[in-house]
Amino acid sequence: MSVDPDVIRKCMWPVCLMGLFVTGILSLDCNLLNVHLRRVTWHNLSLLSRMSKSFPIECLRESKAFELPQEILSDTQPLTRDIKEAFYEMSRQAFHIFIQDTFKSTWEEKHLRQVQIGLDQQLQYLEQCLEEEEEENEDMREMAEDEWTQSGAPVPQLSNLELRRYFNRIDRFLKDKKYSHCAWEIVRVEIRRCFYFFHKFTALLRRK
Amino acid sequence: MLALLGATTLMLVAGAPWVLPAASGGTNLKSPENGSVCIIDDNFTLKWNSSSESVRNVTFSAEYKIPGMDNWKKLPGCQHITSTECNFSSVKLKNVYEKIELRIRAEKGNNTSQWHEVKPFIPFQKAQIGPPDVHLEAEDKAIIINMSPPGTKDSIMWAMDHSSFTYSLVIWKNSSSLEERTETVYSRDKIYKLSPETTYCLKVKAELRSPRRVGVYSPVYCINTTEKHKVPSPENIQIDAENQVYVLKWDYAYENTTFRAQWSHEFLKRIPGGHSDKWKQIPNCEDVETTHCVIPQNVFPEGIHRIRVQASNGNNTSFWSEEKMFNTEMKTIIFPPVISMKSVNDDSLHVSIGAPKESENKSVNQLYPLIYEVIFRENTSNAERKVVEKRTDFTFPNLKSLTVYCVKARALTENDKWNKSSVFSDTVCEKTKPGNTSKTWLIAGICTALFSIIVVIYVVKVLLRCINYVFFPSSKPPSTVDEYFSEQPVRNLLLSTSEEQTERCSIIENANSITVIEETNPIYEDPKKYNSQTSQDSGNYSNEDENSGSKIGEELLPQETV
């Protein structure tokens, strides 16, 4: 399928317009976080799909199983906070990957920019709501802070560690393959899969 | 003999422990204790306690093992250490998220102690955030801060967190040591609202969030702000969305200046390094002489951006103004809802709020949550009741009957931080139903009941008729018989009944006497008897007048049977 980038761009504007009506970061009601996250995640997912016209067949050989840790969200009764933190971890790692500008030739800058903007918005949402929660637990935090600076870092959630390992695998894959075009395409598809997986679990946020 | 042998063996066995060391020629080395690891950024330090430290010539060595390794490897930087701590940062760990096992032992000559195993740990979890690297640049009323994240550029520990650090900064005037303020900044940011020609001091610490981890403060840095610049910077930047454009405004007190405005993506702030310097010129806002400019909406892609403005007075340019952040979503317009009302009872009105009408351009999918402000009042009075409702269907109860009430509503965004509202919808008025409706309902109910009783009675009647017909049939012949056999005698002939037929006969005239003869007999039962009885008469009759007699006889016969 050979579609003119201009056509893609023209089509993307109304879609982006529609999708991004939701993403009023400064207007977020955290009780409806799942609603917004669901849309923003889906929007980013579709941006990732549209970045590239099609997956190059020759890159299939190099594809690798990154083993997305699905068990982190399929645990029975995960806490809402854990889900939010997992989302946040996933968002910032994805952002970290897409701000490395070693892919100038792979994708159009416009599309890349939109992905970066979209991911940043996702981050801002989560930061705002996680901050609100932290403010509620402010007293506890201040007490704990003194302990932390003395004895070292607190133990992060286990799920976050699994996510980090997963993204570390992706990161190392990119480095090992020297940021080749195929490597980037494979990573793009993988992160899209990851977003889809997380999108399914936005429903879990609402139930709590 | 045997006893001797046994005793020797016993002695050997018992003596073995202290014999062997004696053979090796040294005291029993105690293994180190309380091994612990301290990690700051990429600096790995191993510490331990040892009771045999004070003994001379005792050294310590450590080994490590990571998953995927079969054997223990020597820990570089921790071989034959005389003190009780060593730095093994030169271990180039590929993966800081894997568990590491460490063990230490004491050595003296050829003598080694037992291995003391340190509790396995994940380096990332144990790592502490070190101080960030700070570079400062002074303006007259602001300080530009440029920070590098903790650790080196190719830090292994924070490789995936470069863009996740936030920095907490404390700044104060050198003259007064009261801490002036604390701000959370990005890696390249500006501190505004400072006084010119003043020495300011600050210190910064880096933080990671979720889970929250706070770093160590950097050393204190001090810098002087410059003298007041000749050309002041524009202030109070505002941006508004109107129709299809953005209007950018700012304040500037002086004349004969031209301005230019630049914009940048908000997300670039997160990225440390020179990325945050990617400012783009806004068309229509270059060399403008007014304190505002109009920007078409397609200049900015959707998202959050920052704008800054600079003034220029001939040869001199001002410093850049404060950066104003704006979200392109502000240009969305909330359309007024459609409201309708109907009277439910004599004392309440039901209101329903519908989706806003479509605009000429396109239907706006209002996907963000809205609440509605409803103004409710009696038509004749001006007293308004304001209700804020999240639901789209609700009722106003306890109203007066036969009164006209009017209502109008507007939509608001639910969040207080961003106050956006639509215009009011059209006013809709409705009259409540008349009172005493309950009485009329009662009467109607009674009528209905009566009517239904009548209907029931009728139905029961019909049913009974049917039942009677089926189970208790009457003796009337069916009508078809009447049709075909209308003459009485033939009918009597065809149908047999058990009914006894009584006939009164009277002799009008008789030669002998006037007698009343009563005959009760069906024709078939006793025809002979009958004939014999009446034969005389009939004979008489027939003798006198054969025709008439026989006729009468004939007539008589069918009449008997019905």
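The values are calculated or read from the model by the stated rules, or taken from the named source; none is laboratory data. Just so it is clear, the structure is predicted and the values come from calculations on it, not from any experiment. All Cβ positions, even for glycine, are placed from backbone atoms using ideal geometry, and neighbour counts span all protein chains on display.
Does B:TRP263 satisfy the condition of being more than 14 Å from chain A (Cβ to nearest Cβ) and either within 31 Å of the chain's Cα centre (by Cα) or surrounded by 14 or more Cβ atoms within 10 Å (Cβ to Cβ) (or both)? When the stated conditions are applied, B:TRP263 does not pass them.
Do we find a residue being touching a helix residue (DSSP H, G or I) at 6+ places or on another chain (Cβ under 9 Å) and modelled with pLDDT under 80 anywhere in the range B:370-387? No - not one qualifying residue is present in the range B:370-387. Pairs meeting the criteria (first residue in the range B:83-104 and over 15 Å from B:PHE121 (Cα atoms), second residue charged (D, E, K, R), beta carbons under 7 Å, at least 6 apart or on different chains) are B:THR84/B:LYS47; B:THR84/B:GLU53; B:GLU85/B:LYS47; B:SER89/B:ASP42. Checking B:VAL462, B:VAL481, B:VAL490 one by one, the residue that is modelled with pLDDT of 75 or more and either under 60 Å from the mean Cα position of the chain (by Cα) or among the aliphatic types (A, V, I, L, M) (or both) is B:VAL462 and no other.
One line per residue, one yes/no per condition, for (1) in the same structural domain as B:PRO150 (by the TED database); (2) touching a strand residue (DSSP E or B) at 6+ places or on another chain (Cβ under 7 Å); (3) over 30 Å from B:HIS162 (Cα atoms); (4) β-branched (Val, Ile, Thr):
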| position | (1), (2), (3), (4) |
| --- | --- |
| B:PHE44 | no, yes, no, no |
| B:LYS47 | no, yes, no, no |
| B:PRO76 | no, no, no, no |
| B:ILE100 | no, yes, no, yes |
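Restricting B:PRO131, B:PRO120 to those that are within 14 Å of another protein chain (Cβ to nearest Cβ) and either in contact with an Asp or Glu (Cβ under 7 Å, 6 or more places away or on another chain) or outside any loop (DSSP other than H, G, I, E, B) (or both) reduces the list to B:PRO120. Take B:GLU227 and tell me if it is without any contact (Cβ under 8 Å) to a residue 60 or more places away in the chain and either away from chain A (no Cβ under 14 Å) or crowded, with 18+ Cβ neighbours inside 10 Å (or both). Here the answer is no, as B:GLU227 does not meet what is asked. Regarding the range B:139-153, can at least one residue be identified that is over 36 Å from the mean Cα position of the chain (by Cα), basic (Lys, Arg), in a strand (DSSP E or B) and over 30 Å from B:VAL96 (Cβ atoms)? No, every residue in the range B:139-153 fails to be over 36 Å from the mean Cα position of the chain (by Cα), basic (Lys, Arg), in a strand (DSSP E or B) and over 30 Å from B:VAL96 (Cβ atoms). In this structure, is B:GLU197 assigned to a loop (DSSP other than H, G, I, E, B), charged (D, E, K, R), over 30 Å from A:LEU126 (Cα atoms) and assigned by the TED database to the domain that holds B:ILE295? Here the answer is no, as B:GLU197 does not meet what is asked.
Note on the range B:275-300: residues that are within 14 Å of another protein chain (Cβ to nearest Cβ), touching a Phe, Trp or Tyr at 6+ places or on another chain (Cβ under 9 Å) and under 17 Å from B:MET325 (Cβ atoms) amount to 4. The residues on offer are B:ASP189, B:ASP154, and the sole one that is among the charged types (D, E, K, R) and touching a strand residue (DSSP E or B) at 6+ places or on another chain (Cβ under 9 Å) is B:ASP189.
I'd like the residue in the range B:154-193 that is among the charged types (D, E, K, R) and outside any loop (DSSP other than H, G, I, E, B) and, out of all such residues, is nearest to the chain's Cα centre (by Cα). Among residues in the range B:154-193 that are among the charged types (D, E, K, R) and outside any loop (DSSP other than H, G, I, E, B), the one nearest to the chain's Cα centre (by Cα) is B:GLU183.
Residues in the range A:114-125 that are within 8 Å of another protein chain (Cβ to nearest Cβ) and at pLDDT below 85 were compared, and the one that is surrounded by the fewest Cβ atoms within 10 Å (Cβ to Cβ) is A:GLN124. Criterion applied to B:VAL294, B:VAL220 was being at pLDDT 90 or above, under 18 Å from B:LYS190 (Cα atoms), more than 36 Å from the chain's Cα centre (by Cα) and surrounded by fewer than 18 Cβ atoms within 10 Å (Cβ to Cβ), and the one residue passing it is B:VAL220.
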